[in-house]
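S.K.: My questions will all concern the structure given below.
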Amino acid sequence: MEAYKISLRHISKSFPGVKALSDIDFDVRPGTVHVLMGENGAGKSTMMKIINGIYHPDEGEIQIDGRPVTIKTPQEAARLGIAMIYQELYFVPEFTIGEYLFMAKEPRRLGCVVDWKKLYRQARELIEQEGVPYDPRTKIKNLSVSDIQIIEIMKATYSGAQIIIMDEPTSSISNADVDRLFAKIEELKKRGITILYISHKLDEIFRIADYITVIRDGQVIETRPAGEFDSDTIIAKMVGRPLDNVYPETEACDGEVCFTVEDLSGPGFRKADFDVRRGEIVGFAGLVGAGRTEMMSALVGLTKKRSGRITLDGQELELSTVETAKRQGVVMVSEDRQRYGIVAVRSVLENSVLANLGNLSNLGVLMHHKEREAVGGFIKRLSIRTPGQQTLMQSLSGGNQQKVVLSKWLMTAPRVLILDEPTRGIDVGAKYEIYCLIREMARQGICVILVSSELPELIGMCNRVYVVHEGNVAGQLSGESMNQENIMRLATGGQGNAS
Amino acid sequence: MRLENTLKGNSVKSIASKYGIYLVLVLMVVISSIASPNFLTVSNILSVLRQSSPTIILAFGAMFLMISGSMDLSVGSVLAISGIFSLSVYMMGGSWLGAILAGIMTGLVCCTLSGIISAYVGVPSFIVTLAMDLIVRGGVMLYTGGMPITRTGNFAAFGQGFIGPIPIPIVVVAVIWAVSAFILNHTTLGRKFYAIGGNAEAARASGINVKRTTLFAYFINGIFVAIAGIIFMSRLNSGTPGGGDGYALDAIASTVIGGSSLSGGIGTATGTLVGAIIMGLISNILNLVSVQSYVQSIVKGVIIVLAVVLDISAKKKSV
Ligand SMILES: Nc1ncnc2c1ncn2[C@@H]1O[C@H](COP(=O)(O)OP(=O)(O)OP(=O)(O)O)[C@@H](O)[C@H]1O
Ligand SMILES: [Mg+2]
C-alpha cells in the first residue's frame, strides 16, 4: 500500500437544505500537485475547507501521513502543516500588507509586544524576494482583487506548510503572475510539498497537475494521473455529458453606432475613444492593471471621470452616480464580487433584485410574486445551485454567487451592458449558458462591452476588440486580425495593424 | 440511519439559533412567575408593557439604524426634548394634534440633523450622536431650568389612557411593530436598509443612494423617538428634563438581543419586539423582587454581554 500525505475516508457534510459532500474517499500522494475539478457547487471548496478546519465533517475521517487527525480550526490545521488560499478574498480591509502577511505569527519582542519594525523589514524582504511592486504599509482595502490574490499566494507559499491548498488562485491574476505561481509550485514540489489545486481553467491545470480528481454533486467521480485525462473527458465527467460547443455562433453585426465615448479621462486612464454598435459585443483586452476596470467604473458612475463625452443614441449621458447611469441604461457587472457584487448576509432573492427594485414594486411596495417569478427564471436559466430563493448569499459556492450577480444586472434590461470578467470562477459547462445569454442580449439590440483577461473568450465572443495599454486605448482589432498574437502585441505596447 | 442523525443534529442547531430568543422569553416568564406570584397576572403584564413602551419604541428606531449600519446614542435626550416640547405646546393651547406634531417635529429635526452630518459629511454616527446627546440634554436643561414641568392638565390622558381594555401605549407599540415589519418586509426602502447595512459598497454599485437611504433610517428613528418621548412624559404626567437617561444603550441592547447584527444588514421587527420585551421584563422582575437599582444596573450589563456573546457564538456555530 502506498503512503499518502493526506487521505479523506468516508467524509460527508450537509448544510441546511444541501448535502454538500457524500461519502468522499480521496487520497493525495506526497510531493504531488493534485487538481480538483467539478461544476460550481460540486463541493470542491467545502472539501478543502474541511481539511483546513473551517468546516467539520458530519462523518468520516481525515488522515495525515496515515494517522487519523481531527482538525477543528485553521490554527490547528496550520500546526499540522496545512495552509490555504481561499477562493473568496478581501478579508481584512484595514490591515496593511505587512500585518496581513504575518497575521497571527508576528515577530514579537519579549514574547508579547509586536516588533513592528522587524515585521515590516521581513515583509519588505519577502516582497522584494518575490519581485512584486508593493509597499508593506499599504492597506488591503486599497488593493485590487488581483493584488490581494498575489499577496494571498505569497502568504501561503512562505508559511512553511507541508500541504498547501489553493482554491482558484489564478481567477484574477495576469498571465505573467500565473507563470510565476507555476514556477513557484514546481519549486515547492521539489521540496516535497504537497499541493491541492482547484481551478476551472482547463488549459492551466494540464501544465501543473500530477493527479486529477473530478467530483460531481458531492461525490468523487474519478481520480487518475493527469496524463490519462484530456479536456473532453474531464468535461464529460464533470458535467455528466459531453459538451459540444464552447462558444455560441458568432453573428455579424451591422447595426449603427449607438454608444460612443470620446476623450474619456480619469484616474488610471487617459483620452479613451471608442464606440459600440447596436447589438454588438465589443471586447476590451489588456494586461491586468492596464486601466480597463477604471475606465468602465467611470462609465457607470462608480468613480468620477475627469473629462469626456459619452453619448447613447445621439444623446449625451450624465453618468455621475451609479443611480443616474442605471436610469439611463448603462450598467456593469463588476470584477470584484465581494466588494461590489454581493450582500453576503442577505438572500439570493434580495441580491438578485437589488438593482431592479423600481420595476418590481408599486409605489415603493414590493410585488413579491413578480420578484419570485423573475428570480426563479434566472435560477433555472443559469442553473444556479441553491436550496431556495431565501438561502443566504454567503452559503452559495463562489461560481453560483457570480451567477446571481449576473442575473441581477441582466434583469435590469440595460441598454449598455458592461461585463468585467463575467465568467470568473464559473465552470466550463455554465460558461456556455452565460455566453448564450450575452449573445441573446446583443441580439435584442443591447450594446455589450466585455472586459476579459481570457483571450479565447474575447476572440470567441466579440465582434471587435479594443486593446488597452497603460491607460490608453492602444488600438482595435476585428475579423482576421483579431487573434492572440495581435492582441498581446498591442497589450504589451507594441504596434498593431489597427483596422 | 447515520443520515437521519446528522439531519437531526442540524435541525436542532438551526431551531435553537432561529427560535432561541423566543425560548428565552418563555423561560423568563416562567422564572418570573415562580419568583413572584404577582407576575403572571393580566394587570401586571399590561403594566410591564406600558411601562416599557418607550424603550420598546426606541428599540424599533435603533433597529432601523442598526440594520442600515448606523446607531444613535442621542435618543435618550431627544426623547426628553420631544416629550417636553410636546407637553409645552399642549399646555399652551390644549390641542392634542398640535402637541403631537410639535413633539414629532422636534424628534425629526434632531435625528435628521445627526443623519445629515453622519451620512453626508461622513462623521461616524457614533460620534455625531454622542455629541448630539450632550447638546440636546444641555438644551432641555436650559429650557426647563432643570426643573420638572408640573400641572400638565390633561396631558396624562395619552400615556395613561385606554382604548377598550388596552392601554394606549401598548396600542401604539403594536402599530409601530406592524409598520416596522411592513417597511422591512414589503417595501423597497426596507430592502435598501438591509443592503446598505450588509455591504454599503455593493449597494452603491447596485444604484442605491446610500446617503439618502441612511437619512431615511434616521428619519424613521426620529419619529419613533418623539413618539416614545410623548408617551414617556404623558405617562409620568410631568415634563422630566432628565428623562430617558441611559435609554440609548437599552434600546441598542434590546435590538441586539432581538437578533439584529451590530455589523449591519440583519434584523427583524418581531425579533426586536421580543428583545425589547425581554429587557423590560428584566427590569420588572428585578423591581418585583426589590433588587437595589445599582445592582439592577450591574445585572442588566451582564445580561447584555451574555446576549451578544450568545449571538456571536450562534453565528459561528451555524457555519
Ligand atoms: N456555509 C454554507 N452554508 C450552506 N451551504 C453551503 C455552505 N458552503 C457551501 N454550501 C453549499 O455546498 C455546496 C458545495 O459548495 P462549494 O463551495 O464546495 O462548491 P465548489 O465546488 O467550490 O463550487 P465553485 O466552483 O462555485 O466554487 C453548494 O451547494 C453550496 O451552496
Ligand atoms: Mg469553490
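The values are calculated or read from the model by the stated rules, or taken from the named source; none is laboratory data. For clarity, every value in this text was computed on a predicted model and none was experimentally measured. Methodologically, a virtual Cβ is constructed for each residue, glycine included, from the backbone with ideal geometry; neighbour enumeration extends over all protein chains shown. Side chains included, ligands, DNA and RNA excluded: accessible areas come from the protein's heavy atoms. Shrake-Rupley method; radii C 1.70, N 1.55, O 1.52, S 1.80 Å.
S.K.: Could you derive backbone 3J(HN,Hα) for the range A:466-482 from the dihedral phi with the Karplus parameters 6.51, -1.76 and 1.60 (θ = phi - 60°), listing whole Hz in sequence and x where the residue is Gly or Pro?
M.R.: Along the range A:466-482, the couplings run 9, 10, 10, 10, 6, x, 10, 6, 7, x, 10, 10, 8, x, 4, 6, 7 Hz.
S.K.: Further question: How far apart, in nm, are the 7 Å Cα→Cβ label points at A:Asp232 and A:Arg108?
M.R.: Output for this residue pair reads 5.9 nm.
S.K.: What are the radius of gyration and Dmax of the range A:1-159, computed over its Cα atoms and given in Å?
M.R.: Final numbers for Rg and Dmax: 18.0, 50 Å.
S.K.: Just in the range A:5-101: which trypsin sites (Lys or Arg not before Pro) are loop by DSSP and have at most 12 other Cβ atoms within 10 Å?
M.R.: On the way: sites: A:Lys5, A:Arg9, A:Lys13, A:Lys19, A:Lys44, A:Lys49, A:Lys72, A:Arg79; in loops: A:Lys5, A:Lys72.
Those satisfying the criteria are A:Lys72.
S.K.: Quick one: which residues, 5 or more positions from A:Ala285 or on another chain, have an amide H under 5 Å from its amide H? H modelled 1.01 Å from N in the peptide plane, none for Pro or chain starts.
M.R.: Amide H to amide H, under 5 Å and 5 or more residues apart or across chains, A:Ala285 pairs with A:Tyr466, A:Val467, A:Val468.
S.K.: Taking the dipole about the Cα centre of the protein assembly as shown, with the C-beta of Lys and Arg at +1 and of Asp and Glu at -1, give me whichever of A:Ser231, A:Ala83, A:Cys436 is farthest to the positive side.
M.R.: Final value for the positive-end residue is A:Ala83.
S.K.: Using every Cα-Cα pair within the range B:134-251, state what percent have a distance larger than 20 Å. Don't skip to the end; give the middle numbers.
M.R.: Working: 3970 of 6903 pairs.
Result for the distance tail: 58 percent.
S.K.: Hey, another quick one. How many percent of the accessible area of the range A:296-377 is carbon or sulfur, using a 1.4 Å probe?
M.R.: On the way: 1620 of 3320 Å².
With neighbouring chains kept in place, the figure for the range A:296-377 is 49 percent.
S.K.: Moving to a separate point now. Using the heavy atoms of the protein chains and a 1.4 angstrom probe, tell me the accessible area per residue for chain A in square angstrom.
M.R.: Working: 20680 Å² over 499 residues.
I get 41 Å² per residue for this part.
S.K.: I want to check the label-to-label distance for B:Phe182 and B:Tyr143. Put each point 7 Å from Cα in the C-beta direction and report it in nm to one decimal.
M.R.: 2.9
S.K.: Which residues does the label zone of A:Asn175 cover in the range A:446-490, counting backbone N under 15 Å from a point 7 Å along Cα→Cβ?
M.R.: A:452-460, A:467-469, A:482-490, by backbone N distance to the label point.
S.K.: Report ³J(HN,Hα) in whole Hz for each residue of the range A:374-379, in order, from the Karplus equation J = 6.51 cos²θ - 1.76 cosθ + 1.60 where θ = phi - 60°; Gly and Pro get x.
M.R.: Values, residue by residue: 4, 5, x, x, 6, 4 Hz.
S.K.: Here's a follow-up. Relative to the longest principal axis of the C-alpha atoms of chain A, give the angle of the C-alpha long axis of helix A:116-130, reported between 0 and 90° and rounded to the nearest 10°.
M.R.: Tilt relative to chain A: about 70 degrees.
S.K.: Just name one of A:Leu299, A:Met461, A:Tyr247: the one whose Cα is farthest towards the positive end of the charge dipole of chain A (beta-carbon charges, Lys/Arg +1, Asp/Glu -1).
M.R.: A:Leu299
S.K.: Something else now. Can you give me the solvent accessible area of A:His369 with a 1.4 Å probe, rounded to the nearest 10 Å²?
M.R.: About 110 Å², rounded to the nearest 10.
S.K.: Which percent of Cα-Cα pairs in the range A:333-476 sits in each 5 Å bin, short to long?
M.R.: 2, 9, 19, 21, 20, 14, 8, 4, 2, 0
S.K.: Set the bar at 29 Å for Cα to Cα. Now go through A:Lys139/A:Lys326; A:Lys184/A:Lys408; A:Lys49/A:Lys190; A:Lys201/A:Lys403; A:Lys184/A:Lys305; A:Lys72/A:Lys403 and name every pair that lies beyond it.
M.R.: Values: A:Lys139/A:Lys326 31 Å; A:Lys184/A:Lys408 38 Å; A:Lys49/A:Lys190 25 Å; A:Lys201/A:Lys403 17 Å; A:Lys184/A:Lys305 39 Å; A:Lys72/A:Lys403 31 Å.
Violating the 29 Å Cα-Cα cut-off are A:Lys139/A:Lys326; A:Lys184/A:Lys408; A:Lys184/A:Lys305; A:Lys72/A:Lys403.
S.K.: Continuing with the same structure: PRE reach from A:Val365 (point 7 Å along Cα→Cβ): which of the range B:177-220 fall under 16 Å by backbone N?
M.R.: B:178-191
S.K.: I'd like to check one number: the per residue accessible area of the range B:107-153, probe 1.4 Å, reported in Å² as a whole number. Don't skip to the answer; put the middle values down first.
M.R.: Details: 2630 Å² over 47 residues.
Heavy-atom accessible area per residue stands at 56 Å².
S.K.: Can you tell me what the convex hull of the Cα atoms of the range A:79-143 projects to on average, as an area in nm²?
M.R.: On the way: hull surface 21.8 nm².
Approximately 5.5 nm², given one-decimal rounding.
S.K.: Charges at C-beta only: +1 for Lys and Arg, -1 for Asp and Glu. How large is the resulting dipole of the range B:193-319 about its Cα centre, in Debye rounded to 20?
M.R.: Numbers: 8 positive and 4 negative charges, 58 e Å.
Magnitude of the dipole: close to 280 debye.
S.K.: If you don't mind, another one. Output ³J(HN,Hα) for the range A:357-373: one whole-Hz value per residue in order, computed from phi by the Karplus curve 6.51 cos²θ - 1.76 cosθ + 1.60 with θ = phi - 60°, and x for Gly and Pro.
M.R.: 4, x, 7, 9, 9, 10, 6, x, 9, 5, 9, 4, 5, 5, 4, 4, 5
S.K.: What is the dipole size for the range A:37-86, taken about its Cα centre, with +1 at each Lys and Arg Cβ and -1 at each Asp and Glu Cβ, in debye to the nearest 20?
M.R.: Working: 5 positive and 6 negative charges, 42 e Å.
Magnitude of the dipole: close to 200 debye.
S.K.: Please identify which residues in the range A:345-361 have an amide N closer than 19 Å to a label point set 7 Å out from the Cα of A:Arg327, following the Cα→Cβ vector.
M.R.: A:354-361
S.K.: Mind checking the full-extension length gain between A:Gln63 and A:His10? Use 0.36 nm per residue of separation minus the Cα-Cα distance, one decimal, nm.
M.R.: Details: separation 53, 0.36 × 53 = 19.08 nm, distance 1.14 nm.
Stretched fully, the A:Gln63-A:His10 segment lengthens by 17.9 nm.
S.K.: In the protein assembly as shown, what % of DSSP beta bridges are antiparallel (nearest 5)?
M.R.: Details: 50 of 85 bridges.
Of the beta bridges lying entirely in the protein assembly as shown, close to 60 percent run antiparallel.
S.K.: Shifting gears a bit: With a/c under 1.5 counting as rounded, go ahead and sort the range B:73-195 into rounded, prolate or oblate using the C-alpha gyration tensor (a ≥ b ≥ c being the square roots of the eigenvalues; past the cut-off, prolate if a/b is larger than b/c, else oblate). Write down the numbers at each step before the final one.
M.R.: Values: a/c = 2.53, a/b = 1.16, b/c = 2.17.
Since a/c reaches 1.5 but b/c is at least a/b, the shape of the range B:73-195 is classed as oblate.
S.K.: In whole Å and largest first, what semi-axes does the C-alpha gyration tensor of chain A yield when each eigenvalue is scaled by 5 and square-rooted? It would help to have the intermediate numbers written out before the result.
M.R.: Values: eigenvalues 288, 145, 109 Å².
Computed over chain A, the values are 38, 27, 23 Å.
S.K.: Measure of size requested: the Rg and Dmax of chain B, with Cα atoms as the atom set and Å as the unit; please supply both.
M.R.: 20.1, 75
S.K.: What are the residues of the range A:349-391 that lose 30 Å² or more of accessible area, with a 1.4 Å probe, going from their chain alone to all protein chains?
M.R.: A:Glu350, A:Leu354, A:Leu357, A:Gly364, A:Val365, A:Leu366, A:His368
S.K.: Let me ask something else. Using a simple spin-label model with points 7 Å from Cα along the Cα→Cβ vector, what separation in nm is obtained for A:Phe95 and A:Gln129?
M.R.: Here the answer is 1.9 nm between the modelled labels.
S.K.: With +1 on each Lys and Arg Cβ and -1 on each Asp and Glu Cβ, how big is the dipole of the range A:306-430 about its Cα centre, in debye rounded to the nearest 20? Please list the in-between numbers first.
M.R.: Values: 16 positive and 12 negative charges, 47 e Å.
Computed about the Cα centre, the dipole is about 220 debye.
S.K.: I need the Kirkwood Rh of the range A:116-221: take the reciprocal of the average 1/r across all distinct C-alpha pairs and report it in angstrom. Write down the numbers at each step before the final one.
M.R.: Values: mean 1/r = 0.0654 Å⁻¹.
Answer for the range A:116-221: a Kirkwood hydrodynamic radius of 15.3 Å.
S.K.: If you filter the range A:186-289 for trypsin sites (Lys or Arg not before Pro), then keep DSSP loop positions with at most 10 other Cβ within 10 Å, what is left? Don't skip to the end; give the middle numbers.
M.R.: Numbers: sites: A:Lys189, A:Lys190, A:Arg191, A:Lys201, A:Arg207, A:Arg216, A:Lys237, A:Arg270, A:Lys271, A:Arg277, A:Arg278; in loops: A:Arg191, A:Lys201, A:Arg278.
Here the trypsin sites (Lys or Arg not before Pro) that fit, given the DSSP loop and packing criteria, are A:Arg191.
S.K.: Enter the buried accessible area of the A/B pair, total of both sides, probe 1.4 Å, in Å² rounded to the nearest 100. Working shown, then result.
M.R.: Working: alone 21910 and 15590 Å², together 34950 Å².
That pair hides around 2500 Å² of surface in total.
S.K.: Quantify, in whole percent, the carbon and sulfur part of the accessible surface of chain B (1.4 Å probe; protein heavy atoms only).
M.R.: 71
S.K.: Next question, about the same structure. With a ≥ b ≥ c the root eigenvalues of the C-alpha gyration tensor of the range A:280-365, is it rounded (a/c under 1.5), prolate (a/b larger than b/c) or oblate? Before the final figure, lay out the partial values.
M.R.: Working: a/c = 2.20, a/b = 1.30, b/c = 1.69.
Note, shape of the range A:280-365 comes out oblate.
S.K.: Still on this structure: Taking the Cβ-Cβ separation of A:Lys117 and A:Lys141 as r and a Förster radius of 22 Å, what is the calculated FRET efficiency to the nearest 0.05? Working shown, then result.
M.R.: Numbers: r = 24 Å, r/R0 = 1.07.
E(calc), rounded to 0.05, equals 0.40.
S.K.: Further question on the same structure: Is the shape of the range B:209-319 rounded, prolate or oblate, going by the alpha carbon gyration tensor and its root eigenvalues a ≥ b ≥ c, with a/c under 1.5 for rounded and a/b larger than b/c for prolate?
M.R.: Details: a/c = 2.43, a/b = 1.10, b/c = 2.21.
Cα axes put the range B:209-319 in the oblate bin.
S.K.: Moving to a separate point now. Using modelled amide H (1.01 Å from N, peptide plane; none on Pro or chain starts), what sits under 5 Å from the amide H of A:Met332, excluding residues fewer than 5 places away?
M.R.: Excluding prolines and chain starts, which carry no amide H, the hits are A:Ile418.
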